[in-house]
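Asks: Let me give you the structure first, and then I'll get to my questions.
Every number here is computed from the coordinates shown, using simple stated rules; none is lab data. The model shown is predicted, which means the values in this text are computed figures rather than measured ones. With ideal geometry, Cβ positions are generated from the backbone for all residues, glycine too; neighbour counts draw on all protein chains shown.
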Amino acid sequence: MKLSGNFLITNVVNIPMKINRRYLFYFVTLIVILSGCDDNYISSIPDYPVRLQLNLTSTYPTFRDNPNSFLIFDKPVQATDRIGFGGVLAYVGFDGNYYAFDLACPYEAKQSIKVAPNDLGQVVCETCGTVYDISYGIGNPVEGPSKEILKRYKTSMQGDVLYITN
């Protein structure tokens with residue numbers, strides 16, 4: 001070390017940094033995976049407000065904890081209800097969780113063309129023929145021309161009330 005005026009001069013030693021390619025690969029892979037975990041997806045179904053409160057004890061007692069059951073809301077029940085673009089399908093999956101989807105078929109993307117549930121944990125669009133699997137809450141197409149999943153809405157339970165929002 002030398003002292004020169006008001007500056008302290010030190011010898012700089014270049015230490016070569018050796019990056020292990022395996023760790024670099026893991027780091028890049030982790031970044032790619034985490035950046036792909038966004039729940040926002042682009043849907044052909046436009047964003048319309050969704051706000052439903054379903055009392056599963058007094059109003060819909062047979063829906064509670066009943067796998068493969070569904071409720072269809074194609075018009076508001078209460079003045080404060082908002083039912084999205086084509087209406088809301090509330091569904092109890094085979095795993096016992098609550099899911100909600102827009103009733104409009106994403107392939108057709110019209111308010112008047114809606115999917116209808118069957119007894120197999122699926123919904124079917126009568127116009128285009130696409131069959132969507134909703135049994136575990138994904139809404140992915142399993143048959144027909146559509147490649148897009150159903151538009152999903154958020155569900156949360158607080159006490160005996162199921163809230164459906166977007």
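Asks: Please list, in order, the residues from the range 90-104 whose amide nitrogen is less than 12 Å from a point placed 7 Å along the Cα→Cβ vector of I72.
Replies: Within reach of a label on I72: 90, 103-104.
Asks: Can you tell me how much longer the chain between K147 and A109 gets when fully stretched, taken as 0.36 nm per residue apart minus their C-alpha distance, in nm with one decimal? Don't jump to the answer; show the numbers that get you there.
Replies: On the way: separation 38, 0.36 × 38 = 13.68 nm, distance 1.28 nm.
Answer, rounded to one decimal: 12.4 nm.
Asks: Hey, could you pull the Cα Rg and Dmax for the range 50-165, both in Å?
Replies: For the range 50-165, the Cα-based Rg and Dmax read 13.4, 40 Å.
Asks: Oh, and also: To make sure I understand, if each residue's beta carbon is the centre and we count other beta carbons within 10 Å, what order do F94, F101, F73 fall in, fewest to most? Intermediate results must be reported in sequence, preceding the final value.
Replies: Values: F94 12, F101 29, F73 20.
Fewest-to-most ranking of F94, F101, F73: F94, F73, F101.
Asks: Further question: For the pair A79/Y48, report the inter-label distance in nm, with labels modelled 7 Å from Cα in the Cβ direction.
Replies: Using points 7 Å along Cα→Cβ, the separation is 2.1 nm.
Asks: Lysine pairs in the range 50-165 with Cα distance under 18 Å, only those 8 or more apart or on different chains: how many are there?
Replies: Values: K75/K110; K75/K114; K75/K151; K110/K147; K110/K151; K114/K147; K114/K151.
Taking the range 50-165 as the scope, the lysine pair count is 7.
Asks: Net charge within 12 Å of D81 by Cβ-Cβ distance, Lys/Arg positive one each and Asp/Glu negative one each, not counting D81 itself? Write down the numbers at each step before the final one.
Replies: Numbers: positive: R51, K75, R82; negative: D74.
Spelling it out: positives minus negatives among the neighbours equals +2.
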